[in-house]
Structure formats: C-alpha cells, structure tokens
Amino acid sequence: MCGRFTISVEPGELAEVLGVKSIPDVRKRYNVAPTQTILAARVNDAGKREAALFHWGLIPSWSEDPKIQYHTINAKSETAAHKPAFRSAFKRRRCIIPADGFFEWAKVGKEKRPHWFHRKDGKPFIFAGLWERWQPASGDAVESCTIMTTEANEVVKPFHDRMPVILDAKAVDVWMKPGDMTEEIAAKILVPAPKTFLVEFEVSTIVNSPKSDKPVCIVAVAH
C-alpha cells in the first residue's frame, strides 16, 4: 500500500515534473499522511493538464458520508475498474501525484520501524492516481484523490505485499490521455517498478506520527 510519502524536492521543480505550466503554492513535505492536502495534476475539461490540490482519501461523488475517505487512500490497480468507489474515476478522472519517496514499516519485536523508499539519485517520480469531486449537502465541493497500488517488487516485498504504482514518462502520457481508460491498457502500465528503481534505508520512528513533517524524517538511522 502507500500510507505515507514524501515530496521534498524544491517546489519550483514540480511544474516540470508534472508537465504543467504552474502549480499552487506548496512546501516541501517529509511525511505526507492520509486526509491531508496533496498536489496532483489532472486533465481539465479543455483536455489540458493542470495542477491542483486534493484531499488524500477519495470521496466518491455519490457518497453520503465523507468518512469513506479513510478506506480509499489507495485503489488496487487490478480491481479499481470494477469497484463502485473508483470505477467512474478510473474511466475519466485520472491524475498523477509527485513524490520522491514513500514509507513502509518493518516489525522488529514489538516495534514498527519505518523505512524510506526512494531513488538512489534523489530525483522525484510519479504515482498514478484517481480523483473525484464530492458535493456535500452544504458548503464547498471537495476534490479528493487516491493512489493506485500494485504488487510489490523485490525491494518492497520484504516490508509489504503492495506498493504504489510508479509511472515512467511514457506511462504518464498514457494514463493522462483524455478519454476513457480500458482495463487492457491499464494492465500494461500499472505495474511494479523495476527492482533497480528504488533503494531504502531505516529512518527515525518519529515518522510514525503524522504530526512529524521535517527533514529528519528522511535521515538514515544506525543501530
């Protein structure tokens, strides 16, 4: 799964990473947690890619209770096309989410020790996502998103059986192409990252608290 991630590159780099002209004001993030606001890019009604801020935890347009968001931070790539919460967004409301790392935990005795997965060169990458717009009975509409997951690769598998879908440049273009997405096309691009793409190391348990969001969250610890 993907329950925490980082995007600690300079904000000025993000427009280029997402393939958009401009982005909303954002700051570096070292421990992004569900229900928080995150940056993503989508295709607008004019067929152009644009950046926007989304609530992490997808709320379907038909939902009567926003609490569903706690169960929709991730969408399985193998089943999203058929799940009521995701199938409409899978067809027409796809997005990409910038990151430069994500966390998984190793259980050591009674402890849960976080590990940070990232590229060795420190460069950012792109998660595949879905987004929705939900209108409550009163108040403003809420735009929310989820991160697609797939089977874990060899690097992540010792920690978890799922990992976020990381798209390469060609897959980003396919995922963000306006129009309906088919399961056949999705199956070709929503796949585990190559085993050489990511490295990991253990980091401080301060990551366990979503209130911790500072550079020390991605500093390696030694035992």
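The values are calculated or read from the model by the stated rules, or taken from the named source; none is laboratory data. Remember, it's a predicted structure, so these values are computed and weren't measured experimentally. Cβ sites come from the backbone with ideal geometry, for glycine too, and all protein chains shown count toward neighbours. Quick note on the areas: whole protein, heavy atoms, side chains included, nothing else; ligands and nucleic acids left out. Shrake-Rupley method; radii C 1.70, N 1.55, O 1.52, S 1.80 Å.
Quick notes
- Candidates I126, I166, I147: the one that is modelled with pLDDT of 95 or more, buried (at least 16 other Cβ atoms within 10 Å of the Cβ) and in contact with a Leu (Cβ under 7 Å, 6 or more places away or on another chain) is I126.
- Among the numbered conditions (1) within 27 Å of T182 (Cβ to Cβ); (2) loosely packed, with under 14 Cβ neighbours inside 10 Å, the only one that D65 does not meet is (1).
- Considering the range 135-221, the qualifying strands (runs of 3 or more DSSP E), each wholly inside and each with 1 or more residues that are under 16 Å from the mean Cα position of the chain (by Cα), run over 142-151, 162-164.
- Qualifying residue in the range 186-201 (condition: of a type in the set (D, E) and farther than 19 Å from I96 by Cα): yes
- When residues of the range 23-58 are limited to those that are of a type in the set (S, T, N, Q) and out of contact with any Ser or Thr (no Cβ under 6 Å at 6 or more places or on another chain), the one most open to solvent (accessible area, probe 1.4 Å): T37
- Test result for T35, at positive phi and at pLDDT 95 or above: yes
- Counting residues in the range 89-103 that are open to solvent by less than 30 Å² (accessible area, probe 1.4 Å), outside any strand (DSSP E or B), of a type in the set (F, W, Y) and farther than 20 Å from G19 by Cβ gives one or more.
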